[in-house]
Amino acid sequence: MTVNGQFPGPTIYARRGDTIIVNVVNHVESNITLHWHGVHQPRNPWYDGPEYITQCPIRPGHEFSYEILLSDEEGTIWWHAHSNWDRATVHGAIFVYPKLGSSFPFAKPYKEIPIILGEWWKDDVNKVLDYALHTRGDSNSSDAYTINGQPGDLYNCSKPGTFTAQVEYGKTYLLRVISAAINNELFFAVAQHQLTVVGADGSYTKPFNTDVIMISPGQTIDLLLVANQKLNTSSPSSGNRYYMAASLYGDAPGVKYDNTTTTAILEYVTPGSNKTFLDSTPTLPSLPTNNDTDAVTTFVTQLRSLASKEHPVDVPQTINERLIITVSVNVLPCDVNYTCLGPYNMSISASLNNISFEDPTTTPILDAYYHQIPGVFEEGFPSRPPFSYNFTNDDLPKYSMIPKTGTEVRMVEYNTSIELVFQGTSLLAIENHPMHLHGQSVYMVGMGFGNFDEQKDPQGYNLVDPPFLNTVGVPKVGWTAIRFKAKNPGVWFMHCHVDRHQSWGMNTVFIVKNGATPESKILPPPKDMPQC
């Protein structure tokens, strides 16, 4: 499935504060929705996209025009399908430039290079999902990773299509890196080139240099690369070409992973010639081992907001409400007379605060909330785990493995300052979890390993220049704390951006109530909303 015949799909170019209209015509034989990942959509949840959360899907032969309201986003964000696992091939970049009269907070790069990382199956990706849901076990891992839609030189039969970016010596390039991967987190590096991080998730960061980044599904990272390797014209078969490469970060016991490496090529050319050096063997970068959590921690903890006059921060210094949410992979009892392929011959599941989320199937939650339709969701999502135990212990009580199921949401009063602590657990799959909250970016004020300590850990928070993100990683057997002010009324999905975890129920919904003024209320629904 592709958009306008392209994979990845077309890039949207915009400026900060623009309104974008995208008309989506569904020519395939299945339902589809699109989500504008990282767009806050102020007061405008109708166009956010997740199926049965904010809208009915667009049916075959039908169309729907999305209204995308940009506000304070600036940098790289992206769009993708938000139905089943369609985003494996239905995705593309959104480049948000400064307003006219403004500029980047760094020297303007010579050119920009999109780097969209993805996963590829030798099968219809939704058949992979359907089989996993039918057997109640884990899904098959992907067969390859991709850079801009191509697996690269290290796989059989894909070498001729390897993506190549041509650069000139001495010029600076902006790499806009997006992880459209479905189930895996990735390391990314460029051989013999240092990278300078200048942005993440549509917000600028304090620059820092690194040899490698780790990027989770859903995240974007802006990198400056200086082409500082001189062109070797006397012996073009040596040098001149360097691999960009991405490989897995993940080592949960018993989890099936794609352990392959995708490559693209950075090729030096003489200005104006575009001469290629096909006989030159590119150099591979040194990537961390798959289980190198220290490399991940070193990278993530360097992220800081720019916190400048032009790009200030607004971190809530005090909070009205603290939520602690356990993030777990679980099991559910198998149906009678049915053989499940999950752990312990049970059905594999996932949960937040021991609730495995069940998506509605007929009425979207936003419709039910706005039009006061009963029976679609419940308001009982808790602010604490239902029972306390040593969440990161290797030997956890069996009663903690089976969650309850339901469509439970969290109701939030307008303008509430919220602290949300994601607590990883050691249940079944000990993994890093990229948690994505629709409708707003959040300040990642703290991160650590082990169990969160409500008395000690907040003393080490960064409340000065924490990164402003829309997707935050919860470290394996650790915790992450975020803060935000709930000033965007609407129905906003929150989920793990590892799609198999989302399919198993690692989700919930935040409903931010209307404020007292007309400017703090949800906009009315469009007349052409898709019907279920």
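For this structure, a couple of remarks:
- Taking segment 195-283 as the region of interest, the strands (runs of 3 or more DSSP E) fully inside it that hold 1 or more residues being closer than 30 Å to Gly137 by Cβ and modelled with pLDDT of 85 or more are 213-215, 241-249, 261-268.
- Val300 meets all of the listed conditions (1) under 30 Å from Gly75 (Cβ atoms); (2) modelled with pLDDT of 95 or more; (3) exposed (fewer than 14 other Cβ atoms within 10 Å of the Cβ) but one, namely (3).
- Verdict on Thr326 being farther than 21 Å from Tyr131 by Cβ and either of a type in the set (S, T, N, Q) or not in a loop (DSSP other than H, G, I, E, B) (or both): yes
- Any hit, segment 497-518, residues being under 25 Å from the mean Cα position of the chain (by Cα) and within 18 Å of Asp201 (Cα to Cα): yes
- Long-range neighbours under 6 Å by Cβ, at least six apart or interchain, first residue free of Cβ contacts under 8 Å to residues at least 40 places away in the same chain within segment 208-219, second of a type in the set (Val, Ile, Thr) and surrounded by fewer than 24 Cβ atoms within 10 Å (Cβ to Cβ): Asn209/Thr196
- Lone unmet requirement of (1) modelled with pLDDT of 95 or more; (2) in a loop (DSSP other than H, G, I, E, B) for Gly137: (1)
- Candidates in segment 347-366 are the residues that are closer than 19 Å to Glu431 by Cβ and in a loop (DSSP other than H, G, I, E, B); of these, the one that is least open to solvent (accessible area, probe 1.4 Å) is Asn353.
- Residues within segment 22-69 that are among the aliphatic types (A, V, I, L, M), open to solvent by less than 10 Å² (accessible area, probe 1.4 Å) and part of a loop (DSSP other than H, G, I, E, B), tallied: 2
- Summed over segment 329-341, the residues that are open to solvent by less than 10 Å² (accessible area, probe 1.4 Å) and either in contact with a Cys (Cβ under 6 Å, 6 or more places away or on another chain) or not in a strand (DSSP E or B) (or both) give a count of 1.
- Restricting attention to segment 367-395, the residues being touching an Asp or Glu at 6+ places or on another chain (Cβ under 9 Å), assigned to a loop (DSSP other than H, G, I, E, B) and in contact (Cβ under 8 Å) with a residue 24 or more places away in the chain number 7.
- Single unsatisfied condition, Gln166 versus (1) open to solvent by 60 Å² or more (accessible area, probe 1.4 Å); (2) outside any strand (DSSP E or B): (2)
- Search result, residues across segment 460-475 that are over 16 Å from the mean Cα position of the chain (by Cα) and buried (at least 22 other Cβ atoms within 10 Å of the Cβ): Pro466
- Close contacts from segment 145-159, counting a first residue that is within 19 Å of Ile113 (Cα to Cα) and a second that is surrounded by fewer than 19 Cβ atoms within 10 Å (Cβ to Cβ) and acidic (Asp, Glu), with Cβ to Cβ under 9 Å and a gap of 6+ residues or different chains, come to Pro151/Asp143.
- Selection status of Lys527, free of Cβ contacts under 8 Å to residues at least 24 places away in the same chain and of a type in the set (Lys, Arg): yes
- If you go through segment 366-423 and keep only what is under 27 Å from Ser347 (Cα atoms) and of a type in the set (D, E, K, R), you end up with Glu378, Glu379, Arg384, Asp394, Asp395, Lys398, Lys404, Glu408, Arg410.
- Among the residues listed as Gln502, Gln531, the single one being under 26 Å from Glu119 (Cβ atoms) and open to solvent by 10 Å² or more (accessible area, probe 1.4 Å): Gln502
- Applying the criterion of being among the small types (Gly, Ala, Ser) and closer than 19 Å to Asp124 by Cα to the residues of segment 139-163, the residue that is most open to solvent (accessible area, probe 1.4 Å) is Ser141.
The values are calculated or read from the model by the stated rules, or taken from the named source; none is laboratory data. Values in this document were obtained by computation on a predicted structure and should not be read as measured data. Quick reminder, even Gly has a Cβ in these numbers, built from the backbone with ideal geometry, and neighbours come from all protein chains shown. For the accessible areas, the whole protein counts, side chains as well, though only heavy atoms, and no ligand, DNA or RNA atoms are used. Shrake-Rupley method; radii C 1.70, N 1.55, O 1.52, S 1.80 Å.
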